[in-house]
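The values are calculated or read from the model by the stated rules, or taken from the named source; none is laboratory data. On a predicted model such as this, the values are computed, not experimentally measured, just so you know. All Cβ positions, glycine included, derive from the backbone under ideal geometry; neighbour counts span all protein chains shown. These area figures cover heavy atoms from the full protein model, side chains too; ligands, DNA and RNA do not enter into them. Shrake-Rupley method; radii C 1.70, N 1.55, O 1.52, S 1.80 Å.
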Amino acid sequence: MLKVFGSMLTILAATLLGVYAAGETEASYRELLYLQRVVGMLQGELRYSRAVLSHIFRKLGAEVKEPYGVWFKQMSIRMESRKGGRLGDIWRESVGLYLGASKLAKRERERLAELGSLLGDADIQMQLGFLAAYQEELALSAKDMYSEIQNKKKLCRCLGISGGILIAVLLV
């Protein structure tokens, strides 16, 4: 009886681990969609308010969820202090510092860091073009990730259940 109970607990634990891994995979996708929304907000603020980027960053910092809020606020502070250097440098460093722990894929964080070098030095129309192109890239990445994520979620769940059964059989 004790072996059966232990086996069932092992299978349950492994299954939950598989479900957790599937959830983490989906969280990365949701984070990518939120980044797409944040970039859209940045694009809209730049298009309609025509304010200085540091002011736009401060406003967005108050509107978006963490870690993006802190990221925008800190960029605004560094830009307004005039000691941070060029926007591209501030942007790249801030992505590493404040978005490093986010659930975004490393590739997406790198592409986001590259975006900062395109902003700030160009006129508003060019910046809007860069942001639009980046949003299209994010949309394509999200589309690719969605089809990939469905397979990964199924795989994680199946591996969790199968691994739990295998461990239970080996222990019995």
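Debye calculation, C-alpha points only, no solvent: report log10 I(q)/I(0) for the stretch 75-172 at q = 0.19, 0.21 Å⁻¹, in the same order as the q values.
The Cα Debye sum returns log10 ratios of -0.99, -1.10.
On full extension of the chain, what length is gained from Glu110 through Arg50, given 0.36 nm per residue of separation minus the C-alpha to C-alpha distance?
In short, 18.9 nm is gained.
Near Ala133, within a Cβ-to-Cβ distance under 13 Å, what is the net charge of the other residues, with Lys and Arg +1 and Asp and Glu -1?
Around Ala133, the charge tally is -2.
Okay, helix-only estimate at 222 nm for the chain: each DSSP H run of n ≥ 4 adds -39500 (n - 2.57), divide by all residues, round to 500 deg cm²/dmol; what do you get?
On the way: 6 runs with 145 residues, N = 172.
Helix contribution divided over all residues of the chain: -30000 deg cm²/dmol.
Hey, what angle do you get for helix 53-63 against the long axis of the chain, alpha-carbon based, 0 to 90 degrees rounded to 10?
40 degrees
Taking all protein chains in place and a 1.4 Å probe, what share, in percent, of the accessible surface of the chain do carbon and sulfur account for? Each step should come with its number before you reach the end.
Working: 6270 of 10130 Å².
Looking at the chain in its full context, I get 62 percent from C and S.
With +1 assigned to the C-beta of every Lys and Arg and -1 to the C-beta of every Asp and Glu, and no other charges, what is the dipole magnitude of the chain about the Cα centre in debye, to the nearest 20? Working shown, then result.
On the way: 24 positive and 18 negative charges, 74 e Å.
Rounded to the nearest 20 debye, it is 360 debye.
Which order do peptides 165-171, 152-158 fall in by mean Cβ count within 10 Å, highest first?
Sorting 165-171, 152-158 by mean packing, highest first, produces 152-158, 165-171.
By average Cβ neighbour count within 10 Å, what is the ranking of 136-143, 33-40 from highest down? Intermediate results must be reported in sequence, preceding the final value.
Details: 136-143: 14.4, 33-40: 17.0.
In decreasing order of mean packing, 136-143, 33-40 become 33-40, 136-143.
Sort the stretch 51-114 into rounded, prolate or oblate with this rule: let a ≥ b ≥ c be the square roots of the eigenvalues of the Cα gyration tensor; rounded if a/c is under 1.5, and if a/c is not under 1.5, prolate when a/b is larger than b/c, oblate otherwise. Numbers along the way, then the final one.
Numbers: a/c = 2.12, a/b = 1.33, b/c = 1.59.
Taking the square roots of the gyration eigenvalues as a ≥ b ≥ c, the stretch 51-114 is oblate.
Of all alpha-carbon pairs in the chain, indicate the percentage at a distance above 22 angstrom. Walk me through the intermediate numbers first.
Working: 7772 of 14706 pairs.
Percent of Cα pairs beyond 22 Å in the chain: 53.
What whole-number value in Å² describes the accessible area per residue of the chain for a 1.4 Å probe? Walk me through the intermediate numbers first.
Values: 10130 Å² over 172 residues.
Ligands and nucleic acids excluded, the result is 59 Å² per residue.
How tilted is helix 2-48 with respect to the longest principal axis of the chain? Cα atoms for both, answer in degrees (0 to 90, nearest 10).
So the inclination is approximately 10 degrees.
Could you name the lysines whose alpha carbon sits less than 29 Å from that of Lys3, not counting residues in the same chain fewer than 8 places away?
Within the straight-line limit of under 29 Å, Lys3 reaches these lysines: Lys154.
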